1. From Cα pairs below 8 angstrom and at least 6 apart in sequence, can you work out the relative contact order of the chain, rounded to a whole percent?
2. In debye to the nearest 20, how big a dipole does the chain give about its Cα centre with +1 on each Lys and Arg Cβ and -1 on each Asp and Glu Cβ?
3. As a footprinting exposure proxy, order 75, 337, 97 by other Cβ within 10 Å, with the fewest listed first.
4. Using Cβ contacts closer than 10 Å as the measure, can you line up 380, 103, 116, 317 from fewest to most?
5. Put a dot 7 Å past each Cα toward the Cβ at residue 367 and residue 173; how far apart are the dots in nm?
6. Rounded to the nearest 500, what is the chain's calculated 222 nm mean residue ellipticity when only DSSP H runs of at least 4 contribute -39500 (n - 2.57) each, over all residues?
7. To the nearest Å, what is the center-to-center distance of region 78-152 and region 1-52, using C-alpha atoms only?
8. So how do 148-155, 225-232 stack up, highest first, on mean other-Cβ count within 10 Å?
Amino acid sequence: MKNVLPIIVLCQFLCTSIWFAGNSVLPDLIFELNLDQTYLGNLTSAVQLGFITGTLVFAVFTISDKFSPSRVFLICSIFGSSFNFMVSLDGMNAIDILIFRFMTGFFLAGIYPVGMKIAADYFQKGLGKSLGLLVGALVLGTSFPHLVKSVTDGLPWKTVLYTTSFFALVGGILLFSLVPDGPFRKPGRKFHFSAFLSVFRIRAFRAAAFGYFGHMWELYAFWAFIPFILQSFATLHGTNFNIPLWSFIIIAVGGISCALGGVLSEKFNPKYIASFALGLSGICCLLSPIFLLQPFSELLLLFLLIWGLSITADSPMFSTLVAQNSPDTARGTALTIVNCLGFAITIISIQALSLLSELIDVQYLFLILALGPFFGLIAMVKLRFLNPSI
């Protein structure tokens, strides 16, 4: 099918739009429910924890290898969109919202990694390019609620939740209707409860996974705190930003670098692309105090755009490396468990930033994120020696 990749990319974008829907309306939730500013960390971590729980369940029971990935994608889009919508119901309190965001994250586990599994079942050649476009769709989906919030500023804040829930439902139906199981799919013959751990016995797989973990330490913490960065800079220097719009732009540009990295992976080794992007984003972590302290908003925005580009370019490359170094019959499970552990790491980094934001000046807050690129680059060096052919 010539059009299968664009369809998967579109559906991935539509369905992952529910990921940061709660973050985009956080100021409204804080005002309406009289919440503390630290609720940002809790709200983001609830989705991440739900995703971790979901990916763990999916991995242990090898769901995406045992059952039709397209059917799994549809079912999870229905439940994910429903729980996302429930946040808009009247009478919600802070705990209810965290529960609904947790459940949204749980069913995203059947969307993001399963979408990568479907792409891998269709494209053995050019997998890096395919996953580059697919992760780019995730980035755009993640940023999309901020755009909806920006263009619907005069409408009730619940419009963001209505829109993203509808998009996710449409995405699941489209993929199930138009994308059957791929020609390279090798379904698991039985439940294998240890498959999610046995893949880590492969040393090259382990190195690729650890590189991804370093990337994830930085990525979602940066995304979650972009509005906080902009608001803090505006308060410190007396500058006015359209925070929802710029949050969308800074996250969305990462979709461009994902797609570009995927295209470049047809000519250059994914290991080198991942290492370059990871190193550049690590440099951005180290330079962040300089750009947060200087008074020019244009320089800050340019710096954040560069950071937004570099911080995502390695994501599809790591997914490619994980897929290439995992067994054919457990590829879906391998991708899922790596996502599970990677998102567990995001909770630690997000909560670390939330805690440190009350202890140190915001200008120095993001230096801690450089730990991820540092350890990720060490893993990439190991991978070059373990599997030079990939």
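FYI, it's all coordinate maths here, none of it is from the lab. Here the structure is a predicted model, which means the values were calculated and not measured. Every residue, glycine among them, receives a Cβ derived from its backbone with ideal geometry; neighbour counts consider all protein chains shown.
1. The normalised contact order for the chain reaches 28 percent.
2. Roughly 1800 debye, rounded to the nearest 20.
3. Ordered by Cβ neighbours within 10 Å, fewest first: 75, 97, 337.
4. By the 10 Å Cβ count, ascending: 103, 380, 116, 317.
5. So the two model labels end up 5.3 nm from each other.
6. Computed mean residue ellipticity for the chain: -25000 deg cm²/dmol.
7. Spelled out, the Cα-based centre of one part sits 6 Å from the other.
8. Per-residue mean Cβ counts within 10 Å order the peptides as 225-232, 148-155.
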